[in-house]
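As C-alpha cells, the structure follows; a few thoughts come after it.
The values are calculated or read from the model by the stated rules, or taken from the named source; none is laboratory data. Nothing here was measured: the structure is a model prediction, and the numbers come from that model. When we count neighbours, we look across all protein chains shown, and the Cβ atoms used for this are built from the backbone with ideal geometry, even at glycine. Just the protein is used for accessible areas: all its heavy atoms, side chains included, with ligands, DNA and RNA removed. Shrake-Rupley method; radii C 1.70, N 1.55, O 1.52, S 1.80 Å.
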Amino acid sequence: MIENSGDEISKFKKEISLTVYAASLGYVKDDRESWKTADVMRGPGDDKIIVATAENGHGIYYSIRDSRDHGTIVDLVQKRKGLNLGQVRKELRSWIGIGAKPPKVNPAFRKPVPTTRDHQGVLWRWQRARVLDDYRYLNSRGLIRADLAAVRIDDITKMDERGNVLFGHYDQDGLCGYEIKNKGFTSFAKGGSKGLWIAGQSTGDVRRTVICETAIDALSYAKLHRDNWAVYLSFGGSWNPEQPGLLKTWFDRYFGAEIIAAVDNDEAGDKFAIALEALAPGRVRRHSPEVRGEDWNDVLMDRLGLGQGMERSTERCRQGRGQSALLLG
C-alpha cells in the first residue's frame, strides 16, 4: 500500500522505465543515436526526445523540438495525454504493480546509466545541432567535403546555431562532449568532458591508429597521408584523468595495430609522445611535422599554398602551459 501521494509519485519517477512508457505511446528508440547514458526516441508528429536517468534515479526526458518540454514521466504523461495530476496517478499505477497490468511493450529496454544535469545538457545540445552543411570554416583549414567523407565523420561531426563545427567526443558510455571550432575560436562543450573523437576505419582490419591533438589535425593528417587501414583519434588538445584509460583500452582492443603519435612538433607534443609510449611500450612511432612549432594543419595549409594556420597558436594561448603537466603527473 502506498502511504501517500508523494511516495507514489516518487515510485513513478524511479521505478518506471521512461523509455518503455514512451514506447507504449508510439515512440521508437533510435539505436544508432542512443548511448548507455541516453535513449534517443522518435515519436508521433516528428517529435524527438532524449530519455536519461538523473543522479537520484529518476527517469527524465528532454524534447529536441521544444526546449520548454522536459521533465519526469509525470510531465510526459501530462503533456502527451493532457491529464491532470490525479489522472496521471491513475494512469501510472499499473506500471508499478497496482491494479491492471500495463500494456506490453516489446522489446524491453534497459534504463539509461545515471548522469549529471551538465552531461544531459551536452546530450541535448548535441541532438539539437544540425547536420554539418556549411563547409566554409573547414575549407579555410584546407579541408573539403570529400576529405571528410573519406574518413566517415558524418555521425560524429555537427554544426551549432552559431555556425561552429562540433567534433563529438566519446567515452565508454557514449557521447561525453565535443570540440568546438570556428575561425579564430576553439572551445569545448560546456559541462562536457573530453573523451576520444574517432574517425576512419572503426571496424574490421585496423592496421594503424593515428593519435592527434585535435580533430582538425587528424583530418589534416588523413588528407596528407591517405590510408584506408587507419583510424584517427583526437584527444582535444590536452588530457584529463580519464583519457589515458580510454586510449589504453583502444590500444589493447587493437593490439596488433601500429600506433602513430601524430602530435605537434613542440614541447607539448614531446610530452604527449612520451606519455603515449608509456601506455603502449614499443608500439608507438612518432610522426610530427619537420618544422619546430608546426602542427599537421600548418603543413597542409603550406602544401596547399594557403599560408600558415593560426589555429594552434590561438588554442595554445587559451589553454596555457600548465595543462600539459597532467601528462607526466
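Step by step: first the residues of the range 115-128, then only those that are of a type outside the set (A, V, I, L, M, F, W, C) and part of a helix (DSSP H, G or I), then the one that is most open to solvent (accessible area, probe 1.4 Å). Which residue is that? Across the range 115-128, the extreme among qualifying residues is ARG117. Any chance the range 81-98 includes a residue that's of a type in the set (Ser, Thr, Tyr), closer than 16 Å to SER10 by Cα, surrounded by fewer than 17 Cβ atoms within 10 Å (Cβ to Cβ) and modelled with pLDDT under 95? For the range 81-98, residues of a type in the set (Ser, Thr, Tyr), closer than 16 Å to SER10 by Cα, surrounded by fewer than 17 Cβ atoms within 10 Å (Cβ to Cβ) and modelled with pLDDT under 95: present. Annotation note: of PHE251, PHE255, the sole residue that is part of a loop (DSSP other than H, G, I, E, B) and either over 22 Å from ASP298 (Cα atoms) or in contact with a Cys (Cβ under 9 Å, 6 or more places away or on another chain) (or both) is PHE255. Does at least one position in the range 64-78 carry a residue that is surrounded by fewer than 16 Cβ atoms within 10 Å (Cβ to Cβ), modelled with pLDDT under 95, basic (Lys, Arg) and more than 24 Å from HIS119 (Cα to Cα)? No, there is no match, as no residue in the range 64-78 is surrounded by fewer than 16 Cβ atoms within 10 Å (Cβ to Cβ), modelled with pLDDT under 95, basic (Lys, Arg) and more than 24 Å from HIS119 (Cα to Cα). Exactly one residue among ARG32, ARG80, ARG68 is of a type in the set (D, E, K, R), closer than 30 Å to GLU161 by Cα and not in a loop (DSSP other than H, G, I, E, B), and that residue is ARG80.
Yes or no, residue by residue, for (1) of a type outside the set (Gly, Ala, Ser); (2) in a strand (DSSP E or B); (3) open to solvent by less than 50 Å² (accessible area, probe 1.4 Å):
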| site | (1), (2), (3) |
| --- | --- |
| GLY6 | no, no, yes |
| ILE9 | yes, no, yes |
| LYS14 | yes, no, no |
| GLY26 | no, no, yes |
| MET41 | yes, yes, yes |
| GLY45 | no, no, no |
| ALA52 | no, yes, yes |
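Out of the residues in the range 129-185 that are among the aromatic types (Phe, Trp, Tyr) and not in a helix (DSSP H, G or I), which is most open to solvent (accessible area, probe 1.4 Å)? Restricting to residues being among the aromatic types (Phe, Trp, Tyr) and not in a helix (DSSP H, G or I), the top hit is PHE185. Take ASP266 and decide whether it is over 17 Å from SER140 (Cα atoms) and modelled with pLDDT of 95 or more. Taking the combined requirement at face value, the residue satisfies it.
A single entry from ASP217, ASP227 fulfils the requirement of being of a type in the set (Asp, Glu), under 16 Å from ILE260 (Cα atoms) and crowded, with 24+ Cβ neighbours inside 10 Å: ASP217.
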